[in-house]
Structures are given as structure tokens and as C-alpha cells.
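Here is the structure we will look at, set down as C-alpha cells.
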Amino acid sequence: MATKTRTNMYANVKTWNPFVGCNHDCVYCDASFQRQLKRWAKSNCKACYNFTPHYHPDRLRRLPSAETIFVCGNGDIAFCETSFIEKIVDRITEHYDRSPEKTYYFQSKNWASASRLLPLLEDKPFNAIILETLETNRDEGYRRISKAPMPSQRHKTFLELNHLRKVITAEPLLDFDVDVFFEMIAKTEPEYVWIGYNSKPALISLPEPTLDKTKQLIKLLKSSGLEVRGKELRGLTV
């Protein structure tokens, strides 16, 4: 399934989902991201509806038309078997001759597992960007939010990955320590940083930073030369 509508988070991006699902059980996911998927899945795919990690091999041939393709955006590729990741990378490589200008996003909250992808990307001609979801610098209390690796350990792994193009997605923002969070992000030297608040505050309440704190973070990031892109900033500008 390719998501045909453009999102506020990723302009000119469409998802391509030969693999779907995740076991991180983030409390905000069901209220926002999964809610969109379930509208389609209710009468089409029980595994998609339950967000159970699974495969749709028939979708391998159907890459969407977009400037940027979010690979397996309806899940976390960390839960995808290596053999199927190989098929995904092979399909992108085949498609390269027809569309060499495309960029491919690979995003995860667990690059300790998803790093299996990186050797498969070596010497490939297409443009691949790896993204880390990093909502906060704080580990304390994070188990109430998600089963994903703690933010500090998750980021340490991502920082050590040998890949030229990296992006950080700080969304939905959880309360953070300005200087510490800034240093974590800046040390990565990402191409850009996505920042945004919870898009469904009426459905799920999260421990969020104040607008002033987020404004300070954005200012520090921009002052260091990093590009900041925003979503759901509740009146703040980037």
C-alpha cells in the first residue's frame, strides 16, 4: 500500500509498505499513526489492523511516484527479516535506472537491529537517508511511553552508524533538557531535524515541553547551522 496523500511531516513524500508493523507499542501511535492505517485495514488486512509485523510481497513491484519514498513507513524496519530487507533493497536498485533522482527514507527507533540494512546499502547507486525517531533525551519515565530502546541508548547506536546521510525526527516531542537534547542532536550532524508536538492531544496526553523550551531548542539548532523543519508547533515558527 502506498500512501497517496502528502503529509505535513514529509512534504513530497509517499510511503511504500511491502513490510508493515511494529512491536514498540508507543502510546501515541494508536491515537495518531495507526488510526489512519486502520481505516483502510479494517476491511482489507487483519495484520495491518493489529499492526503486527508482516509482509506484503505483492507490493514490492509497486513503488509510488514521489520525490522521496518512505520505505516501510507503516512500521519499523527493525522488525523486518533480513532476507526481506534484501528484497526491498534489490527492488529499489532495479528501479534506480528509471528514477535515479529519487530519495529513500529508512526510519527506526531501534538501529541496533535495523543496522542490518546498512551493509546492504553499501555501493548502491540510489540516495538513502537513515532517520532516527528521538522524542526526548530523558530515559526516566520512558517505559510509560514506549517499549522501544531508551532514548540515550538508541541515540548512541544511531550516532555510531557509518552512514553519510542522517536525519533526526524529534516528534512527538516529550519533555526534555534543552542543552542535553541539543547536544545529542547536534553531535549527529544531521542534514536536518524534524520537530513537532503530539498531533492528537485530544486523544492522548503526553509529558510535553513548554513552548518556550521548544523555542530555545529550535534557536540553538539553527544557531549551530542545522536546518529545522517543523510540524504541529502550535504557533512557533522555524
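List of remarks:
- All told, residue 115 meets the bar of being in contact (Cβ under 8 Å) with a residue 12 or more places away in the chain, buried (at least 17 other Cβ atoms within 10 Å of the Cβ) and among the small types (Gly, Ala, Ser).
- Against the list (1) part of a strand (DSSP E or B); (2) in contact (Cβ under 8 Å) with a residue 40 or more places away in the chain, the condition residue 130 fails is (2).
- Note on segment 43-71: among residues that are in contact with a Cys (Cβ under 9 Å, 6 or more places away or on another chain) and over 20 Å from residue 26 (Cα atoms), the one that is most open to solvent (accessible area, probe 1.4 Å) is 55.
- Against the conditions (1) more than 14 Å from the chain's Cα centre (by Cα); (2) buried (at least 17 other Cβ atoms within 10 Å of the Cβ); (3) farther than 17 Å from residue 17 by Cβ, residue 89 satisfies every one except (3).
- The residues on offer are 228, 180, 167, and the sole one that is closer than 16 Å to residue 134 by Cα, in contact (Cβ under 8 Å) with a residue 12 or more places away in the chain and in contact with a helix residue (DSSP H, G or I) (Cβ under 6 Å, 6 or more places away or on another chain) is 228.
The values are calculated or read from the model by the stated rules, or taken from the named source; none is laboratory data. Note that the coordinates shown come from a computational prediction; the quantities given were computed from them, not determined experimentally. As a convention, Cβ positions derive from the backbone with ideal geometry for all residues, glycine included, and neighbour counts pool all protein chains shown. All accessible areas refer to the heavy atoms of the entire protein, side chains included, with ligands and DNA or RNA removed. Shrake-Rupley method; radii C 1.70, N 1.55, O 1.52, S 1.80 Å.
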